[in-house]
Amino acid sequence: MSNSLMPQLSYIPDSTFPMGISTCQLEELVQADAEAACWEKSGRFDREQPCHEVDIRSFYLAKTCVTVADYRRFVDEQGYHHRSWWTSSGWEWRQTENRSGPAFVAEGSRNNPDMLPIVGVTWYEATAYCRWLSHRTGRLFRLPTEAEWEFSARGPNGHLYPWGSSFRSAFCNTRSGNVGHTLPVGTRSPLGDSPFGLQDMVGNVSEWTSSQFRPYPYVATDGREVMEGESERTTRGGSWFGPDLRARTTSRGMNVPWFCDDDLGFRVAMSEWPVQS
């Protein structure tokens, strides 16, 4: 199997970390940001609490989101027509929709340059891509859990942003920057990188995770990491279209697995051990 498709990866070590926004962090955010105060009054931070400790095992995470060029290989190799890459619900959706490629690649110039993050893909398509990539590389690729994603974004210091404790508009692509579309992956690097060297963990595009959206505390074994079904899946990271408050390491979104948009993409994780033959 070819390793030419291997993405650049960062190693994420075993860790126990505080997942979610702490009371202290929330108080500081509300004091510094009038919009955050409105969010607090309306209960919009409730999905990020309580802050609680979570254990993760070591793994690898791609330094960038999957790009247009990356995803094109999956399409060109007939990834939409191989049943084995898809979950049962995903395959049923693909057949019903007669989908043979991402929804938005052909709809605007912003999606044409090869180094832009792929958008217009559902959770079903993202997981199918991971299974195809696993087959092509001989490694176990998958979507990251939302716990893995959060620790990778905030690092061992538990910051609300990949780079530190306060928002910096020049470090990421969000609505306040007035770009109005996606940027090539890594455009805001290295200023916006996480402690593990991961690019664009907030802003540019929101990212699918493997996890079903459920209240905290996060418990990996409670069924939220079951891959089959039609439950809402958690998204992370904010986007070029989203407000600055979404571009935090603890912010959680969700969508049904057949949803797609022009500000939603994904990056791949790799388990530490290769696929057994």
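The values are calculated or read from the model by the stated rules, or taken from the named source; none is laboratory data. The model shown is predicted, which means the values in this text are computed figures rather than measured ones. Reconstructed Cβ throughout: ideal geometry from the backbone, glycine too, with neighbour counts over all protein chains shown.
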Report summary line: Of the candidates Val54, Val66, Val119, the one satisfying the condition of being out of contact with any strand residue (DSSP E or B) (no Cβ under 6 Å at 6 or more places or on another chain) and either among the aliphatic types (A, V, I, L, M) or at negative phi (or both) is Val66
Report summary line: Residue count, the stretch 111-134, condition at pLDDT 95 or above and more than 15 Å from Asp261 (Cβ to Cβ), comes to 8
Report summary line: Of Glu40, Glu27, Glu53, Glu92, the only residue that is at pLDDT 95 or above and assigned to a strand (DSSP E or B) is Glu53
Query raised in the report: Could we say that Gly108 is among the small types (Gly, Ala, Ser), closer than 20 Å to Val75 by Cα, modelled with pLDDT under 95 and surrounded by fewer than 17 Cβ atoms within 10 Å (Cβ to Cβ) here?
Result: yes
Query - Filter result (more than 21 Å from Trp208 (Cβ to Cβ), of a type outside the set (Lys, Arg) and either part of a loop (DSSP other than H, G, I, E, B) or modelled with pLDDT under 95 (or both)) within the stretch 147-168 - result: Gly155, Pro156, Asn157, Gly158, His159, Leu160, Trp163, Ser165, Ser166, Phe167
Query - Residue that is more than 20 Å from the chain's Cα centre (by Cα) and either crowded, with 19+ Cβ neighbours inside 10 Å or farther than 21 Å from Ser165 by Cβ (or both), where the choices are Ser22, Ser4 - result: Ser4
